[in-house]
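Student: Provided herewith is a single structure, encoded as structure tokens, for subsequent inquiry.
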Amino acid sequence: MPNTPLTIVAKIIAKEGKSALVKTELLKLVEPTKAEEGCINYDLHQDNTNANVFLFFENWSSRALWLKHMDSPHIDAYAKATEGHVAAFTLHEMSFLDQ
């Protein structure tokens, strides 16, 4: 299934006192990612009651192109800039269920 669309739900939890830094770095990912081949949408959300919690809802035309994104310079820059400031990160690779 190399050309099967892929949905990603990524949850990032910033350490206490680091939400502004993490948010700034996450926002830097949005524009270059939206310009990448295969990116259908790349939507960043912040929890309304806990400023430390961020979610990305992403849709990609294929897993291969998402993997290419994960190896991009802007993802590497984000990882370096937020090292030690993220309490938890979870990622779910998902498929849309037609009904």
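The values are calculated or read from the model by the stated rules, or taken from the named source; none is laboratory data. Just so it is clear, the model here is predicted, and its values are computed rather than measured. Positions of Cβ are backbone-derived with ideal geometry, glycine not excepted, and every protein chain shown enters the neighbour counts. We work out accessible area using only protein heavy atoms, side chains counted, and drop any ligands, DNA or RNA first. Shrake-Rupley method; radii C 1.70, N 1.55, O 1.52, S 1.80 Å.
Student: Considering the chain as a Gaussian network with a 10 Å cut-off on Cα pairs, which listed residue, Glu37, Glu58, Glu25, attains the greatest mean-square fluctuation?
Tutor: Judging by the Gaussian network model, the answer is Glu37.
Student: Run down the lysines and flag those whose C-alpha is under 22 Å from the C-alpha of Lys15, throwing out any fewer than 8 positions away in its chain.
Tutor: Within the straight-line limit of under 22 Å, Lys15 reaches these lysines: Lys23, Lys28, Lys80.
Student: Continuing with the same structure: What does the accessible area per residue of the chain come to in Å², with a 1.4 Å probe and no ligands, DNA or RNA counted?
Tutor: Roughly 64 Å² per residue, with all protein chains present.
Student: Among Ala88, Ser62, Cys39, which residue has its Cα positioned farthest towards the positive end of the charge dipole of the chain, with +1 placed on the Cβ of Lys and Arg, -1 on the Cβ of Asp and Glu, and the dipole taken about the Cα centre?
Tutor: Checking the options against the dipole of the chain, the answer is Ala88.
Student: Assuming 0.36 nm per residue, please report the length gained on full extension of the stretch Asn48 to Leu97 beyond their Cα-Cα distance. Please list the in-between numbers first.
Tutor: Values: separation 49, 0.36 × 49 = 17.64 nm, distance 2.82 nm.
Length gained, Asn48 through Leu97: 14.8 nm.
Student: Give the distance, in whole Å, between the Cα centre of region 6-28 and the Cα centre of region 58-99.
Tutor: Computed from Cα coordinates, the inter-centre distance equals 11 Å.
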